[in-house]
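Below: the structure, in structure tokens.
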Amino acid sequence: MMTVVEVGTTDELVDLYRDHYRSLVRLASLLLDDVPSSEEVVQDAFVRVHMAWDRITEPSRRLAYLRSAVLNGARSRMRRRQVRRRLEPVPDRLTAESAEAAALVTEDHREVLAALRGLPDRQRECLALRYYLDLSEADIAATLGISTGSVKTHTHRGMAALEKALEEES
Amino acid sequence: MSTEDRLRAAVTAATDTVEPSEGWDNIQARIERREHQWRRPAVVFPAVAAVLAAVVLAAALLTADRGDKTDVITEPPVTTTPTPEPDPEVATPSLWPPTGTSQSFEDPKALALSFAKDFLGMPNPVIGDFREPGEVDIRPKPQATGLITTLEVVKSSVGAWSVTEARAANLQMDTPARDASLTSPVQLSGRSRAFEATVNVTILDAGQVLARGPHLAQTFFTGGGAGAELEPFQTTVEFPTPTQSSGMVVLSTASAEDGSLSEATVRRVRFLTIGGPVPESFVATTTDGRVVRFRTQNATETASVAAYGATGVSVSPDGSLCAVELEHESERNIAMVRFSTGEKEIGLTGSHPAFRDDSGVLAWVRFDGIVVYPLPPDGERVFDPLQGGASGDVRSLSWHPDRQTIAFERDGSVYLLDISSAQSLDDARRVATGSNPLFVGSNLAFVTSKGAMTVDSAGRTRLLFDPGITVTNIDVDASGRHFLLVDDKHNLFWSGGGVIEPLATGIVDAEW
């Protein structure tokens, strides 16, 4: 009995969705600070991984591809947003946070997150992958398509920059 | 507090507040929309379709020589340590939680409770302890001590539990086996013992639950009585065309007191007949030189015409006429056979006949190139024979639904030919290395060493299936879902929702 790949795709995609959708939206929200946009970015990434399915046969690479698509999506969304802000100033928060959420995220958290979002792309992404998804250096490298050496450098510089930004803040 | 700790705390706090809403439907809709876009354009806007076809050609040409790296998205260079081949048995699809929901269970007992209540509809279930390697017993209510359904549960690599099968001791299902591919009617067999001697049989599409409708099909049979030994049963159930490629077969009994569910055996199965009915019959040429119409259900012959040396076959879209390729002392001819009379009506010189979807036009390969004639072929030809090079090696013609483009195979490559503009066979455009081109809707499919591939409008290749057999002939039905495949050993297979099943042997070519 031989499996028809086309049909199998959806089942495996469903598994990916079930296992990773929530954490990926959360990852995107770290970078974007806007849940609806984060959901869109992640849904986009799922459509993309489905399109690329047949080229990526190794399941572990599919997840790396998916993560990478989320980061790419978040990055371009941020750029568009920055451009828009430059053209027409809009309130800093695109979505109002719920009272509950506001209570859980303290002022200190807010400062740290703002500093994180202010970092250069690679540094921010390395820190998010490491401190939210707890990925190993090898997995971060696979996700970002860079060497583990670069991951070390970006992470190190990111932490240093974050520290500096927080010191200036206080 | 170090910056690292502050970062970790901030990240945890911020992400904990994010609870995404259900996104699967959106994803699925967008994927379907994408696929729909290049599957059916010809039906709606012929002009758009023509442009699109040109895009297919251009994109396919651009990408044909670059292998599979044809996506618009830049794929990151990925450096992963080699991982062991995944064990296919591990990836057993689950019955519960249903795929496509964000429901996730970190505890097998919580999973069992949800399955008992939400899937089976037990009013007040009692959940037993988890047993290694993966079993949990459930009972419909505290006092029902004799009614035990055992759930087989597995844990995914990320720690989420799911139910893979449910088995009631009093309801043993021998067939269908797990993940067997079903067509309607399906025969069920096993042994049972039921208090009221009534066993309910329910067939569910993936996503449906036993607790409430809709169900794909529901019936019952009379099983062995209470207290007695398990008694063998055998019953046949018909079901309508499923919408999903998988589903479940459920045997269950209900309480005599209140009609609530007592116990159930639930098994996952696949459906071969997704998305539309399978054509009732197909026509094939056999190794003993006959043209035979077979009933799809069990490959039994319904009509047969002797045609010495029959090799290829093309069935007219209305099913009345067959163009049969006959080979005799290395000379090839085409005979038109009408099944209703068994008579060979017209003889043509040439080979590889292919009916266009308006029945009245036939394309085939003649000594002087590809020719296209209305039928009977004494009418005016549709266009002049396309010459250029030897036409003897041209084979496997297939019409695009636009009625303008013909795909064919030549020297191990797939070509597309626009008959409205081409001056010669050399105007055909090579699109890929492969054989047996076939239009699935307006998508071009063909066979390569890797299996059957399609090229979509963006020029991406996509594996349709990896048959693990050497395909020599292939055909697809009008729904684009059900394939007939002939291998180099004259075995005929068919494929629908998820698997390829052997159908007959001694077959040279076959068409729906």
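The numbers here are math on the coordinates, done by the rules we state, and not lab data. Given the structure is predicted, the values throughout are model-derived calculations rather than measurements. So basically every Cβ, Gly included, is an ideal-geometry build from the backbone, and we count neighbours across all protein chains shown.
How high is the FRET efficiency between B:A110 and B:A9 when r is their beta carbon distance and R₀ equals 51 Å, given to the nearest 0.05? Mind showing how you got there, number by number?
Working: r = 29 Å, r/R0 = 0.57.
Calculated value: 0.95.
Report the gain in length on full extension from B:S156 to B:D411: 0.36 nm times residue separation, minus Cα-Cα distance, nm rounded to one decimal.
My answer for the length gained is 87.1 nm.
Which GluC sites (Glu not before Pro) in segment B:175-264 pass both tests, a DSSP loop state and at most 13 other beta-carbon atoms within 10 Å? Mind showing how you got there, number by number?
Working: sites: B:E196, B:E229, B:E238, B:E257, B:E263; in loops: B:E196, B:E229, B:E238, B:E257.
Hits after loop and neighbour filter: B:E229, B:E238, B:E257.
Mind giving me the nanometre distance, one decimal, between the label points for B:H328 and B:D288, set 7 Å out from Cα along Cα→Cβ?
Label at B:H328, label at B:D288, 2.0 nm between them.
So what are the ³J(HN,Hα) numbers for segment A:135-150, from phi and the Karplus equation (6.51, -1.76, 1.60; θ = phi - 60°), rounded to whole Hz, Gly and Pro as x?
Per residue, the Karplus-derived 3J(HN,Hα) values read 6, 6, 4, 5, 5, 5, 4, 5, 5, 8, x, 10, 7, 5, x, 5 Hz.
Grab the Cα-Cα distance for B:T175 and B:T433, subtract it from 0.36 nm times how many residues apart they are, and report the gain in nm with one decimal. Spell out each step's value before the answer.
Numbers: separation 258, 0.36 × 258 = 92.88 nm, distance 4.23 nm.
Taking B:T175 through B:T433 to full extension adds about 88.7 nm, to one decimal.
Residue by residue through B:238-250, how many Cβ atoms from other chains fall within 10 Å of the Cβ on average?
On the way: counts 0, 0, 0, 0, 0, 0, 2, 6, 3, 0, 0, 0, 0.
Partner-chain Cβ atoms within 10 Å, mean over residues of B:238-250: 1.
So, how do all the Cα-to-Cα distances of segment B:389-436 break down into 10 Å bins, in percent, from 0 on up?
29, 61, 10
Applying the Karplus parametrisation 6.51 cos²θ - 1.76 cosθ + 1.60 with θ = phi - 60° to the phi angles of segment B:131-140, what ³J(HN,Hα) value in whole Hz is obtained for each residue in order, glycine and proline being reported as x?
10, 5, x, x, 9, 9, 8, 10, 10, x
Once you list every other residue whose beta carbon is under 12 Å from the beta carbon of B:E135, what net charge do they have if Lys and Arg are +1 and Asp and Glu are -1?
Details: positive: B:K109, B:R131, B:R167; negative: B:D129, B:E132, B:D137, B:E152, B:E165.
Summing Lys and Arg as +1 and Asp and Glu as -1 gives -2.
Relative contact order for segment B:137-271 using alpha-carbon pairs under 8 Å, separation at least 6, rounded to a whole percent? Don't skip to the answer; put the middle values down first.
Numbers: 317 pairs, mean separation 37.7, N = 135.
Averaging sequence separation for qualifying contacts and normalising by length gives 28 percent for segment B:137-271.
Taking 0.36 nm per residue of sequence separation and subtracting the Cα-Cα distance, how much length would be gained by fully extending the chain between A:R117 and A:H156, in nm to one decimal?
12.4 nm
How far apart, in nanometres, would the label points at B:D393 and B:T236 be if each is projected 7 angstrom from Cα along the Cα-to-Cβ direction?
Here the answer is 5.1 nm between the modelled labels.
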